Amino acid sequence: MARTGTLQLEREEQAPSWWRTNATAMLFMGPAAILVIVFFFVPVLLTLGMSFTDIATATGLSGWQWIGTANYEQIFRGSFTGLIVRNTVIYVLLVLTFNVLVGLGVALLTVHVRDQVGGFFRAVWLLPRISPSVVYALMWTWAAAPPPFGIINEFVAPFGVAPRFWMNTDPWMFILFLNGFVGASLGMLIFTSAIESIPEDLFRAARVDGANAWQIVRRITVPLIRWPILFVLVYQSMSLLASYEYILLTTNGGPGLYITEVWSLWAFHTALQSYAGNLEIGLGAAMAAILVLVGVAVSAFLLRAFRFNDLVSEPRVEIT
Amino acid sequence: MDKYTLSGRVAREGLRLSRRRFLVSTGALVAATACSTAPTGQQQGGGQAAPAGTVKLAAWTIGPDAPSYYRRDNLVAAAATLNKELEKDGTKVELEATFESGGSWDDYKQKFVLAAEAKQAPDIVVAGHEDMAPWAAAGYIVELDPLIKKYDSKFKDVIPTLWDAMKLKDKTYAIPQDTEARPLYYRKDLLAKLGWSKDKIDGLPDAVKKGDFAWSDVVSTAKEAIAKGIVDPASGWYHRPSRGHDFYSWYYANGGEMQDKASGKLVLVPSALEKFYQVHYAAVKVDKITPEQFMGLPGKQWNETVTAGKVLFYNAGTWTWKDWQSTYKVPEQALWDNVGFTLVPAAQRGGKPFTLSHPLVYMVTASSKSQELALRLIANATTPELNSQHSVTSAHLAILTTQEKDPTYQKDKFLLATSYMLGYTTFIPNHPKYGAYDEVLFRFLTAVEQGQVTPKQAADSAVSELRTQLRDELIVR
């Protein structure tokens, strides 16, 4: 017994405590962790909690009741749910594809021209992102104004296209461009810096081997920027799932019966905007909670599909 | 830690009080509390007499139309008369009243709800009558029947039908601030080009009142004007281009009901709903008197088009008569020469014409510590002189029977000519779930005009969706 006790003592002396090992990490990560908990986890928990209540303007903060899963049942029984799910899927896929492809295309083009020209072109593409959202959306609304107004009507008239109220006749096209031009600029910046960090030797070697431009892009550039592409895909999928501001400012979910209403806008309309006064916060919280769950599932799927762990693992061979 | 708690541990630690010390301490505490509280005037609840001292009252009002600033100014004027009445009691009311112009109803209402939850709401709030339902349910506003009874002489000349819109399950929660009607405007000059005589044009409001000119006549006249090139295609009839309560005139005109008087539940009449949708579907898709893709047209463009005389029939509120003069610079005489106004014609000949009113109301909040004084202030603002001043400035209709004899009101021939419409008016319901009801009905209306669904599909789907959402709060007839 005495010998065992000595061994344990020696081991304790040798093994530093958990705190001693992790103190520095905790110190550095602590503030960020607190922020994440307070501003991300707590709101999610509150939203989940509220989704099981009937809280609304008419109940106030003191008269609400627990109603179990009634809000979720109403959402899944509602006749608009299928349509809004479909709109959301279309919106995310369409805008995400535009953002990544156009962002990548602009990045590839601008790194292959003179620096000044490329820089100027990228700066122009950044304009929508640095414009205030409301101003940017209003400019689109004015451009697509109904006849006899609208810059677009002026432009297309010489080609024999009849003037129309574009925002009502082709709402999805405008939502795609409106979101796409803003979203593509983020991908463009990230892809540009990633492409420029690829060693020039690889491109030279490929050219010596007779590879054409398309082969270089396909076999060298794209595989080497997989990580930025994954980041843009995951980040923008999440952003798009939760974003609705440009739709709100232009079509507001219309025209007609929820033609452009997406899930996050539906939650906003239900919980925070009511023409006749009663905000249904509990029901809106249930919609938001479903969105959070879908977001987590989509992220997990994308991280798995793109083998996130492989991308961030230590290189097997280190060249010094 | 124990010694700071209020638990029995305090006693166990040996804090002992003699009876004498206890009485002295308690007396001192009561005296200190009495000295530290606000003057009694600020603690006045409903039903008590006016207290001595200065009482601060706050009121929030909104246009959003700019000419409605008398919503605030009338309360300020009423504070002066109230202070004269209160002189003998030694009470003085200090009023802080605000008026929001050009803002949005959503923001204004949200601000009030947040203030009410924080117990920072003003004593008086002006809003739409339908807001009373959620706000009363949440306890933000108070029932006014006992106070109205106490000061009933001040409210005896309120137009009786308006009280219907002030009640929630037979309890009164609001006082009318103003009201309006939503007429069908028509261009006299264009009807003259169609060959109508002056007598026929001027007699149109009477023909509508008698049921001799029905909705089908509006449609046929509009089609004729388009066919003869007097107006452009699809410029025969413009309804409002955005969400609003005006649309429900056609639902009522076709036999619709919105609320059950006995139970207070919301009501849907599927046959009336289908006809309501049919009117709008036919206007856009069949008769082509209204443009395709019309919903969402900017308000400015809508007003510029109708004031330019390019549309034969159009619906708007009475207040737009003043707006066309102030914002769109149409001289009043030009309006009288070229524009007429009538009730929304009956669905069939011989039927009853309609309009819809949306009274704005004063409500007294639960946060108010001076509810009786707040009501007395509203009462003093509810006079023929003050309300007439508001009416002529903003083209809102009288809420008092005595206003029609008021010299200011008498001078405004538009108000005099439209006042009769209140005899034909309807209201939207006061129900906490009206927002959900309105959302579904309006979305299907836009879907019908968009050609997404037929009127029958829209009516059936709206009923089905509202059954899911409202459950036992909906009666389908």
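Once the stretch B:80-110 is narrowed to residues that are over 16 Å from the mean Cα position of the chain (by Cα) and buried (at least 21 other Cβ atoms within 10 Å of the Cβ), the residue that is nearest to the other protein chains (Cβ to nearest Cβ) is B:Ala97. Within the set A:Val134, A:Val208, the sole residue that is exposed (fewer than 14 other Cβ atoms within 10 Å of the Cβ) and more than 14 Å from every other protein chain (Cβ to nearest Cβ) turns out to be A:Val208. For the subset of the stretch B:49-80 comprising residues that are at pLDDT below 75 and out of contact with any helix residue (DSSP H, G or I) (no Cβ under 6 Å at 6 or more places or on another chain), which member is farthest from B:Gly299 (Cα to Cα)? My answer is B:Ala52. Hey, among the residues in the stretch B:137-165 that are of a type in the set (A, V, I, L, M) and within 9 Å of chain A (Cβ to nearest Cβ), which one's surrounded by the most Cβ atoms within 10 Å (Cβ to Cβ)? Here the residue is B:Ala138. Within the stretch A:245-298, the residues that satisfy the criterion of being more than 12 Å from chain B (Cβ to nearest Cβ), surrounded by 22 or more Cβ atoms within 10 Å (Cβ to Cβ) and among the β-branched types (Val, Ile, Thr) are A:Ile247, A:Val262.
Taken over the stretch A:46-63, the criterion of being at the interface with chain B (Cβ under 10 Å from one of its Cβ atoms) and surrounded by fewer than 18 Cβ atoms within 10 Å (Cβ to Cβ) is satisfied by A:Leu61, A:Ser62, A:Gly63. The helices (runs of 4 or more DSSP H) found entirely in the stretch B:181-253 that carry 2 or more residues being under 17 Å from B:Ala308 (Cα atoms) are B:188-193, B:215-227. When every residue of the stretch A:83-92 is checked against the conditions, none turns out to be touching a strand residue (DSSP E or B) at 6+ places or on another chain (Cβ under 6 Å) and within 14 Å of another protein chain (Cβ to nearest Cβ). Does the stretch B:446-453 contain any residue that is among the β-branched types (Val, Ile, Thr) and more than 9 Å from chain A (Cβ to nearest Cβ)? No, there is no match, as no residue in the stretch B:446-453 is among the β-branched types (Val, Ile, Thr) and more than 9 Å from chain A (Cβ to nearest Cβ).
Please work out which one of (1) away from chain A (no Cβ under 14 Å); (2) within 30 Å of A:Ile55 (Cβ to Cβ); (3) touching a His at 6+ places or on another chain (Cβ under 8 Å) is the condition B:Ala374 fails and give its number. Of (1) away from chain A (no Cβ under 14 Å); (2) within 30 Å of A:Ile55 (Cβ to Cβ); (3) touching a His at 6+ places or on another chain (Cβ under 8 Å), only one is false for B:Ala374: (3).
Being touching a residue at least 40 places away in the same chain (Cβ under 8 Å), within 14 Å of chain A (Cβ to nearest Cβ) and under 30 Å from B:Ala214 (Cβ atoms), is that true of even one residue in the stretch B:388-397? No, every residue in the stretch B:388-397 fails to be touching a residue at least 40 places away in the same chain (Cβ under 8 Å), within 14 Å of chain A (Cβ to nearest Cβ) and under 30 Å from B:Ala214 (Cβ atoms).
Just one of the listed residues (A:Ile195, A:Ile190) is more than 19 Å from the chain's Cα centre (by Cα), part of a helix (DSSP H, G or I) and at pLDDT 90 or above, namely A:Ile195.
Looking across the stretch B:256-280, the residues that are assigned to a loop (DSSP other than H, G, I, E, B) and either under 19 Å from the mean Cα position of the chain (by Cα) or free of Cβ contacts under 8 Å to residues at least 40 places away in the same chain (or both) come down to B:Gly256, B:Glu257, B:Met258, B:Lys261, B:Ala262, B:Gly264. Being under 15 Å from B:Gln278 (Cβ atoms) and within 9 Å of another protein chain (Cβ to nearest Cβ) is the filter here, so list the residues in the stretch B:429-445 that pass it. Within the stretch B:429-445, just B:Phe444 meets the criteria. On the stretch given as the stretch B:111-136, residues that are part of a helix (DSSP H, G or I) and at the interface with chain A (Cβ under 8 Å from one of its Cβ atoms) total 8. Of the helices (runs of 4 or more DSSP H) entirely within the stretch B:281-341, those holding at least 3 residues that are within 22 Å of B:Ile201 (Cβ to Cβ) and within 25 Å of the chain's Cα centre (by Cα) occupy B:320-326.
At least 1 residues being within 22 Å of B:Met132 (Cβ to Cβ) is the threshold, and among the helices (runs of 4 or more DSSP H) wholly inside the stretch B:409-477 those reaching it are B:434-450, B:455-470.
The values are calculated or read from the model by the stated rules, or taken from the named source; none is laboratory data. All values reported here derive from a predicted model rather than from experimental measurement. Don't worry about glycine lacking a Cβ; one is built from the backbone with ideal geometry, like all the others, and counts go over all protein chains shown.
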